[in-house]
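Derivation of every value follows stated rules applied to the coordinates shown; laboratory data play no part. Everything quoted here is computed from the prediction, not taken from an experiment. All Cβ positions, glycine included, derive from the backbone under ideal geometry; neighbour counts span all protein chains shown.
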Amino acid sequence: MDGSFSSALNDPRSLERAASALRCLPFRRAFYGLLSGEAISSEELHRRDDQAQLSFVRLTSDRAENHFIWLIRVGVLRREVDGQGLTERVRLTPMGRELLSRWSGEIPRAALLERIRHGLRRRWPRL
């Protein structure tokens, strides 16, 4: 799917909310690059020896899963499906790929005010 078609399907507010999540969450670009080629679960992420290259902070599997759920809600990730239904593993969505194409290098980290707003939006989505 080309970027223009994908952009037409995603409204600007959804894209901006998802971009903010990418800037505010602790995952590095290498994490999303990994997900563009394979699916991974929060437990697998927690056990990886190279977690420091994938995240700015060490994550427990529960904390990573909470971030995965939020990224699913904003449209960046999706659950992988196997023959028996949804799995605990996640993959990058077309929206996630489109957002990552905005940055050539590492995803810029959000300023403190944006992180506070993001945290409030995440906990109280109606604000």
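The table for this structure:
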{"read-out": "The chain, relative contact order [Cα under 8 Å, separation at least 6], %", "value": "32"}
{"read-out": "Separation of alpha-carbon centers, the range 33-50 and the range 92-108, rounded to whole Å", "value": "17"}
{"read-out": "Magnitude of the charge dipole, the chain, Cβ model with Lys/Arg +1 and Asp/Glu -1, debye to 20", "value": "680"}
{"read-out": "Principal axis dimensions, the range 3-123 - Cα atoms, whole angstrom, descending", "value": "34, 33, 30"}
{"read-out": "D_trans [Stokes-Einstein, Kirkwood Rh over alpha-carbon pairs] for the range 86-127, 4 °C, 1.567 mPa s, µm² s⁻¹", "value": "101"}
